[in-house]
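Trainee: After the structure tokens below, expect a handful of questions from me.
None of the figures in this text is laboratory data; all of them are computed from the coordinates on show. Here the structure is a predicted model, which is why all the values come from computation and not from measurement. Quick reminder, even Gly has a Cβ in these numbers, built from the backbone with ideal geometry, and neighbours come from all protein chains shown.
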Amino acid sequence: MDTFTLTALFVLLITSVTLARLWLARRQIAHVIGHRDHVPPAFASVISAEAHAKAADYTVAKVRHGMQDLLLGTGVLLVLTLGGGISWLDAQLATVLGDGLLHGLALIGAAMLVSGLAELPLAWKRVFGLEASFGFNRMSRGLFIRDLLLKAGMSVAIGAPIMALVLWIMQAMGEYWWFYAWSVWAAFNFAVMALYPTVVAPLFNTFSRLPEGELKQRIETLLARCGFASGGLFTMDSSRRSSHGNAYFSGFGAAKRIVLFDTLISRLTPVEVEAVLAHELGHFKRQHVRRRLVLMFGIALAVFALMGWVLQSPAVFEALGLGRPTTAGGILLIILTVPYLLFVLRPLLASYSRKHEFEADAYAAEHADADALVDALVKLYKDNASTLTPDPLHSAVYDSHPPAAQRIARLREFAPGSLPVAGAA
């Protein structure tokens, strides 16, 4: 395929995906605004008109911010590729460092730094503009900068050695280097998932053992009833950064930790927290976590194989503005363009995830109080200002969780008396 055709296909890909995402965003905004003043009948007794309007306004603001993120990211991509940004950085670094491993690391680091700096103003605006204006942000500017520097330091300390190993594999392991590089990437991700609960997460938050009381007793009884081995029950000081509530599991095997946001505990009753955790347990018991990992690693393998093809096609580098083929340039091309290449898979991945959410809800209804799960979800929808009226097409493409109305309706089959929820409005 000639250079002009490759360039045209690249531009067509980037333009088509960007326009499609902008069109979906505009649909979401129009749909949410169109339903802003009318609470869905199923929620009319538990969600006030004021809370529903706030959720609509918050959703619209987030979508508009996301549109800015998209346009900025696309602009950065085009500047670094067709605009000659990577080629220029490559030439400048080559004059100082030559063409060795250090040059490759420096090129990747420089391109990522440019991208990160370009995105920083919008990240600041999201936290101290959007989130703050709706009363969700609790992060100080000092804490924001601390987190930013800490993440950057970890990226250099951990990411640089791994990237150096991948670059060495690309140069030393022959035609099928991409399989060996993928193996290293997979091993690294497993290591991160294993170490995250005890090594990484405590760098950002304080974790405390869940104190004795009704909540701990309920959770321990639930775990025993479900045959789930846990490495401990913890609370996390998420309120330092945000008022949003959540809970999650992390780690492997019997070392799995259950972490509850302090904001979640403050808003839900013990029986409601138990029901939320039963849902999370459902993901493990129905093998969702394992299946998603297999899918993620499978997609990553395809991406590495694609990178192997790119590095064997000098015309691709020329067509996309990189000039000469280099291993580091190939990595950057994949990092920058994969989100656009994989966009076509988003509806399938979102549908797959929503199926798992329904299954986890069913598991929770079998092992906990379905009424309590509905009550908890309604409170979380309200407190997190989640829209109850998303655009159906936008939701089908993006949403990993079913729309509120569908999810509540399915749960009411297990708990027909769950709504209304007294005091939720």
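Trainee: Just to confirm my numbers, what's the Cα centroid distance between segment 99-113 and segment 319-335 in Å?
Mentor: When both Cα centres are located, 12 Å separates them.
Trainee: Something else: Convex hull over the Cα atoms of segment 220-379, averaged projected area in nm²?
Mentor: Numbers: hull surface 48.4 nm².
Answer in nm², one decimal: 12.1.
Trainee: Considering only DSSP states other than H, G, I, E and B, which chymotrypsin sites (Phe, Trp or Tyr not before Pro) in segment 1-52 qualify as loop sites with at most 16 other Cβ atoms within 10 Å? Spell out each step's value before the answer.
Mentor: Numbers: sites: PHE4, PHE10, TRP23, PHE43; in loops: none.
In loop regions of segment 1-52 (DSSP not H, G, I, E or B), there are no sparsely surrounded chymotrypsin sites (Phe, Trp or Tyr not before Pro).
Trainee: Tell me, what HN-Hα J-couplings in whole Hz come from the Karplus equation 6.51 cos²θ - 1.76 cosθ + 1.60 at θ = phi - 60° for each residue of segment 234-247, using x for Gly and Pro?
Mentor: 10, 10, 10, 7, 5, 5, 5, 10, 8, 8, 5, x, 6, 8
Trainee: OK, next. Across the Cα atoms of segment 147-239, what radius of gyration and what greatest pairwise Cα-Cα distance (Dmax) are found, in Å?
Mentor: 19.4, 60
Trainee: Arrange the following residues from fewest to most other Cβ atoms within 10 Å of their Cβ: PHE414, PHE297.
Mentor: Numbers: PHE414 17, PHE297 14.
The most exposed by this proxy come first: PHE297, PHE414.
Trainee: Ok, one more. Scanning the chain for GluC sites (Glu not before Pro) in DSSP loops with at most 12 other Cβ atoms within 10 Å, what's the longest stretch left with none? Write down the numbers at each step before the final one.
Mentor: Working: sites that count: GLU212, GLU413.
Answer - 1-211.
Trainee: Can you divide the C-alpha Rg of the chain by 2.2 N^0.38 Å and report the result to two decimal places? All intermediate terms of the calculation are to be shown ahead of the outcome.
Mentor: Numbers: Rg = 23.7 Å, N = 425, 2.2 N^0.38 = 21.9 Å.
Here the answer is 1.08, to two decimals.
Trainee: Which value in deg cm²/dmol, rounded to the nearest 500, describes the helix-derived mean residue ellipticity at 222 nm for the chain, given -39,500 (n - 2.57) per DSSP H run of n ≥ 4 and division by the residue count?
Mentor: -22000 deg cm²/dmol
Trainee: Full extension from TYR248 to ILE335: what is 0.36 nm times the residue separation minus their Cα-Cα distance, to one decimal in nm?
Mentor: On the way: separation 87, 0.36 × 87 = 31.32 nm, distance 2.78 nm.
Gain on stretching TYR248 to ILE335: 28.5 nm.
Trainee: How long is the gain from TYR176 to ILE33 if the chain were fully straight, where each residue apart is worth 0.36 nm and the alpha carbon distance is subtracted?
Mentor: On the way: separation 143, 0.36 × 143 = 51.48 nm, distance 5.17 nm.
46.3 nm is the gain from fully extending TYR176 to ILE33.
Trainee: Kirkwood-based Rg over Rh for segment 78-211 (C-alpha set), two decimals? The partial results should precede the final answer.
Mentor: Numbers: Rg = 18.9 Å, Rh = 17.9 Å.
Value, to two decimals: 1.05.
Trainee: Next up: So if we plug the beta-carbon distance of ALA123 and GLN287 into 1/(1 + (r/R0)^6) with R0 = 41 Å, what FRET efficiency do we get, rounded to 0.05? Don't skip to the answer; put the middle values down first.
Mentor: On the way: r = 35 Å, r/R0 = 0.86.
Step by step, r from the Cβ atoms, then E = 0.70.
Trainee: Towards the positive end of the charge dipole of the chain, with charges on Cβ (+1 Lys, Arg; -1 Asp, Glu), say which of ILE334, ALA160, SER386 has the farthest Cα.
Mentor: Checking the options against the dipole of the chain, the answer is SER386.
Trainee: So how do SER243, SER45 line up by other beta-carbon neighbours within 10 Å, fewest first? It would help to have the intermediate numbers written out before the result.
Mentor: On the way: SER243 18, SER45 14.
The fewest-first ordering by Cβ neighbours comes to SER45, SER243.
Trainee: Hey, another quick one. If you take the beta carbon distance between THR221 and SER16 as r and set R0 to 56 Å, what does 1/(1 + (r/R0)^6) give as a FRET efficiency, to the nearest 0.05? If you can, show how the numbers build up before the last one.
Mentor: On the way: r = 53 Å, r/R0 = 0.94.
Working from the Cβ atoms, E equals 0.60.
Trainee: Counting other Cβ atoms within 10 Å, keep those with at most 16, restrict to DSSP loop, and tell me which trypsin sites (Lys or Arg not before Pro) in segment 232-334 are left. Provide the component values of the computation, followed by the final result.
Mentor: Numbers: sites: ARG240, ARG241, LYS256, ARG257, ARG267, LYS285, ARG286, ARG290, ARG291, ARG292; in loops: ARG241, LYS256, ARG286.
Here the sparse-neighbourhood loop sites are ARG286.
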